[in-house]
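The values are calculated or read from the model by the stated rules, or taken from the named source; none is laboratory data. Predicted model, so just to flag it, every value in this text is computed and none were measured. So basically every Cβ, Gly included, is an ideal-geometry build from the backbone, and we count neighbours across all protein chains shown.
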Amino acid sequence: MDDSPKWFLMKQADQAVLGPVSLSQLRKWAGDACVSPLDKVSCDKINWMKAPMLPELGMDYLLEVEPGLYYGPTTIGAIREFLTNGEISLENPIINCHTAEEKPLREYPQLFQSQESPDSPIIRISARENLQARIRELEENLLQERLLRKTAEELRSRAETRVMELEELLGIED
């Protein structure tokens with residue numbers, strides 16, 4: 001595998017572009033919870049994709065932070081950070097995005113393996129900030145969908161009114 005520095009990471013929070021770095025360095029950043037599900041990666045700084053779409057990063061888990069509130073896809077390292085910060089408990093469910101298997105955190109032994117302290121040159125954005133950014137994105141999407149639905153309902157109502165007017169003009173009864 002070619003591990004030459006050719007990957008770039010664009011942070012969602014401030015659009016800062018980091019790199020070039022090797023795939024193994026990018027994988028380490030993801031494992032150290034330094035890559036958000038909203039961050040993007042690229043080999044050429046032209047074509048970007050969301051970080052979880054790059055299978056080599058291992059962003060394979062969806063964490064249910066609260067009932068109905070999910071974070072991810074992310075890595076075991078990011079989930080470990082949530083747990084270390086006391087933001088979740090061992091009872092929070094994790095969904096493996098490959099198998100669709102859902103289990104509580106306590107059933108993931110990878111969470112309890114020791115890890116080396118990260119030697120990352122990037123500023124770590126905490127899991128909480130990543131979660132807040134994801135919540136803001138979802139809230140914006142929901143607002144847009146509500147506005148579209150309201151517009152569609154108004155158009156439907158106007159169309160129904162127009163149909164009734166035309167039926168009345170033509171003398172058509174139900």
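Among the numbered conditions (1) closer than 18 Å to Arg134 by Cα; (2) touching a strand residue (DSSP E or B) at 6+ places or on another chain (Cβ under 9 Å), the only one that Val17 does not meet is (1). The set of residues in segment 89-106 being loosely packed, with under 13 Cβ neighbours inside 10 Å and assigned to a strand (DSSP E or B) consists of Glu102, Lys103.
For Lys6, the test of being surrounded by 17 or more Cβ atoms within 10 Å (Cβ to Cβ) and over 15 Å from Tyr71 (Cα atoms) is failed.
Considering only residues in segment 37-81 that are of a type in the set (D, E, K, R) and in a loop (DSSP other than H, G, I, E, B), the one that is surrounded by the fewest Cβ atoms within 10 Å (Cβ to Cβ) turns out to be Asp44.
Answer yes or no: is there a residue in segment 134-152 that is at pLDDT below 85, in contact with a Ser or Thr (Cβ under 9 Å, 6 or more places away or on another chain) and in a helix (DSSP H, G or I). Yes, because at least one residue in segment 134-152 is at pLDDT below 85, in contact with a Ser or Thr (Cβ under 9 Å, 6 or more places away or on another chain) and in a helix (DSSP H, G or I).
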